[in-house]
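Every number in this text was worked out from the coordinates using simple rules, so none of it is lab data. The structure presented is a predicted model; accordingly, all values stated were derived computationally and were not measured. So basically every Cβ, Gly included, is an ideal-geometry build from the backbone, and we count neighbours across all protein chains shown.
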Amino acid sequence: MSVDVAQAPPSLLVCERSSFVEQNNRVGSHVEQLHFNYKVSLLLPECSSAPSHLDSVLKSFSSFYLIRKLPIYELLNKDFLESAVYHGSVYGLSYKTRIDEDTCVALMPNGRLCLSLDKHSFQLLGFEGTWSRFRPKDRHIVSVDLTDSSMAPGGRGYLRLLTGLMSRLPLSMDFLLSHHPGGGAYLQPLLSRYDWSEHRPEMISQVLPHLSCPSDPKSCDVQSFLEWLGAVDADISSENSSSSFLSSFVCPEPKTVLSRALSVSICGLLPPPDVHRLIQEVRRYLEQTRLETWASLTVHGFADSPVSWRDNEHGHLRGGENFYTLLMFQDHAYHLYLATGAHDTCPP
Amino acid sequence: MSVFMDLNLTFTEDKSVLQRMIETAAQLGFSTVAINYMFEPKAKKKPQIPAPTPITELMDQLPVVQGRSRPIRVLNRLTLVMSDSFHFRSTAPEYRCFDLLAVQPTTEKLFHAACMVYDIDIICVSVTERLPFFFKRAPVNGAIDRGVVFEVSYSAAIRDSTMRRYTIANAISLIECCKGKSVMVSSAAEKALELRGPYDVTNLSLLFGLSDKDCKEAVSSTCRSVLLHGETRKTASGIIYTVKSCSKASDQQEAPPQSETCEAPPSKKQKSSVTE
């Protein structure tokens with residue numbers, strides 16, 4: 001009468017090793033396809049302060065807007081569609097909603113509106129949708145392409161969804177919104193009608209003295225390296241001293257002790273083009289620095305977003321992680337690790 | 001799935017302890033909690049069931065659930081620890097003040113009656129002692145068919161290591177019998193420190209033999225179905241729903257439309273027109 005708990009919750013890790021000079025490298029497409037990024041963490045070994053060009057890019061991430069109690073039918077508003085959705089890319093995500101508890105809404109830059117609804121709400125809305133892949137019978141996904149001709153304002157599909165959201169299922173929630181490349185100006189028609197606030201991504205930078213670090217990340221075991229990187233980012237000690245029971249994380253062998261390392265993290269609604277720019281600047285830093293070093297950039301997606309890579313469904317069983325770590329070296333080589341939790345499709 | 005709920009917070013006379021428990025539950029991410037009034041009828045005479053304290057008296061403003069924008073919802077629940085069959089009176093008016101009704105049977109006969117007959121929402125599985133009886137498939141399946149849910153509480157396991165053994169052993173034998181369906185895991189917390197977050201409870205339920213999906217359901221969907229079952233029980237199978245009206249005049253105005261729309265035989269219809 002015993003229970004087998006040896007089975008850990010499943011998670012997926014996809015590893016890719018290539019070089020930036022390769023024509024077919026897929027870093028750009030991976031970065032583009034994870035639309036909703038919550039946090040970017042950068043680790044630069046043997047660096048005490050970021051050079052000016054890198055620092056300016058870190059501080060120039062686009063600002064985003066938080067609209068309180070936005071009725072979701074406003075995302076179908078004709079003026080909003082014409083000014084923002086059809087021109088440029090809009091990134092929109094419901095705020096303070098949990099993917100495994102509530103209704104979540106996401107507006108993707110390609111014009112897709114995705115609603116993740118529970119059974120009752122879906123039946124009230126009366127619009128076509130599909131079962132959730134991971135929780136059939138509990139969750140439904142309604143995904144519409146707002147740029148498609150069938151969803152043009154005045155069309156049948158458009159009117160049906162609009163009626164559903166206005167009268168049958170009047171959803172209203174806090175919403176994070178950002179527009180690229182236009183910024184707030186393109187969103188002004190929507191913002192002016194509701195209670196909104198502008199936010200800049202929060203940047204935290206710290207220098208870590210005497211950091212134990214793997215001496216050769218290229219040959220290091222992937223799982224232990226990622227575990228060590230996570231411990232550094234979360235400020236958890238990896239000494240594993242016998243007197244402390246708090247953490248038994250260790251730095252993978254063989255290891256060296258760095259005199260200093262710079263850890264920068266930026267939190268907010270971060271659009272992929274800004275992440276792409278940061279990657280180029282980190283590559284420039286690696287080219288210009290005289291030390292033999294490497295850099296690691298981890299981008300975390302929102303845990304409660306209804307989509308992850310390539311508009312695939314994202315769920316939250318015990319951890320809603322969907323992130324990628326880009327380990328860059330001076331010879332333009334890179335290792336890219338894409339990780340997701342249990343209720344997630346395999347990253348591309 | 002639905003929101004996370006903890007439907008067993010033990011009631012104490014000390015308001016500050018109760019307030020701290022509700023605040024901690026909101027901080028941990030529970031959207032709904034139920035204050036559990038345990039009652040053990042002792043003597044042969046008619047048991048005096050305590051009336052629940054109104055929620056507005058307990059706390060002026062309910063705290064907002066962490067990570068969401070709504071305040072926590074607090075319900076009242078009654079648990080009867082039964083050692084004899086007359087302890088449960090199905091038509092007692094005192095039960096109406098409570099949103100949920102639970103029973104903790106102490107003998108096999110009572111367990112069978114609770115599963116098959118009694119009009120209740122939750123059957124508590126004892127975790128502080130060795131099970132006095134074995135679970136049989138027939139009554140357990142009967143309870144599942146009726147929508148009655150089995151509850152396992154974990155705070156005894158936090159308090160004491162002997163209780164931990166009993167909790168795990170009893171829970172495993174229940175889940176072997178019911179195959180993980182209709183099981184709810186809640187704390188039976190007496191103070192705020194004994195509460196654990198919903199994902200921690202999910203991990204703990206793995207020890208009881210529940211699958212990944214059932215573990216998460218034990219803190220969310222199953223609790224929601226218990227709440228709906230409680231509402232249905234209070235409203236006579238969902239047919240009549242009584243709402244406190246603001247004035248008597250509106251009551252009288254509502255009466256005639258009902259008699260018009262009902263399918264009554266002609267003799268009865270005539271009678272109602274005479275009284276109008």
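Some points to look at:
- For B:148-158, mean number of other protein chain Cβ atoms within 10 Å: 0
- For the range A:182-259, Kirkwood radius (reciprocal of mean inverse C-alpha pair distance, Å): 16.0
- Virtual spin-label span in nm between residue A:172 and residue A:291, 7 Å along Cα→Cβ: 5.4
- The range B:106-173 - percent relative contact order, Cα under 8 Å, separation 6 or more: 38
- The HN-Hα couplings worked out from phi for the range A:199-210 by the Karplus form 6.51 cos²θ - 1.76 cosθ + 1.60 (θ = phi - 60°) are 10, 9, x, 8, 10, 10, 10, 9, 9, 9, x, 6 Hz, whole numbers, x standing for Gly and Pro.
- With Cα atoms defining each centre, the range B:119-148 and the range A:327-348 are spaced 48 Å apart in the structure.
- Förster radius 45 Å - calculated FRET efficiency between residue A:284 and residue A:248 (Cβ-Cβ, nearest 0.05): 0.75
- Rounded if a/c under 1.5, otherwise prolate or oblate - the protein assembly as shown, Cα gyration tensor axes: oblate
- Taking 31 Å as the limit for the C-alpha separation, the pairs A:39/B:216; A:39/B:181; B:109/B:181; A:59/A:96; A:78/B:216 exceed it in the case of A:39/B:181; A:78/B:216.
- Net lengthening on full extension, residue B:107/residue B:58 (0.36 nm per residue, minus Cα-Cα): 14.1 nm
- Peptide A:97-106 has a mean of 4 when you count, residue by residue, the C-beta atoms of other protein chains within 10 Å of its C-beta.
- GNM result for chain A, Cα springs below 10 Å: residue of A:236, A:279, A:141 fluctuating most strongly: A:236
- Expressed to the nearest 5 percent, the antiparallel share of DSSP beta bridges inside the protein assembly as shown is 75 percent.
- Here chain A is assigned +1 on the Cβ of each Lys and Arg and -1 on the Cβ of each Asp and Glu. Its dipole about the Cα centre then comes out at about 780 debye.
- Taking all Cα pairs closer than 8 Å and separated by 6 or more residues, the relative contact order of the range A:200-289 comes to 43 percent.
- Using C-alpha pairs under 8 Å with a sequence gap of at least 6, the mean separation divided by the residue count of the range B:42-173 gives a relative contact order of 18 percent.
- Shape call, chain A: gyration tensor on alpha carbons, a/c limit 1.5: prolate
- ³J(HN,Hα), Karplus 6.51/-1.76/1.60, whole Hz, each residue of the range A:27-33, x for Gly, Pro: 4, x, 6, 5, 5, 4, 7
- Projecting label points 7 angstrom from Cα along Cα→Cβ for residue A:131 and residue B:173 puts them 3.7 nm apart.
- Under Karplus coefficients 6.51, -1.76 and 1.60, residue-wise ³J(HN,Hα) of the range A:174-180 in Hz, glycine/proline x: 5, 9, 9, 9, 8, 10, 10
- Global size of the range B:31-91: 15.9, 49 Å for Rg and Dmax (C-alpha atoms, Rg to one decimal, Dmax whole).
- When all alpha carbon pairs of the range A:195-328 are counted in 5 Å bins from zero, the resulting P(r) reads 2, 8, 15, 19, 20, 16, 11, 6, 3, 1, 0 %.
- Peptides B:86-94, B:110-118 ranked from most to least packed give B:110-118, B:86-94, packing being the mean of other C-beta atoms within 10 angstrom over each peptide's residues.
- FRET efficiency for the pair residue A:63 and residue B:193, taken as 1/(1 + (r/R0)^6) with r the Cβ-Cβ distance and R0 = 45 Å, rounds to 0.65.
- Under the shape rule built on the C-alpha gyration tensor, where the axes satisfy a ≥ b ≥ c, the range B:55-205 is oblate, since a/c reaches at least 1.5 while a/b does not exceed b/c.
- Model label points for residue A:11 and residue A:147, set 7 angstrom from Cα along the Cα-to-Cβ axis, are 3.4 nm apart.
- The charge dipole of the protein assembly as shown, taken about its Cα centre with unit charges on the Cβ atoms of Lys, Arg (+1), Asp and Glu (-1) only, comes to about 1860 debye.
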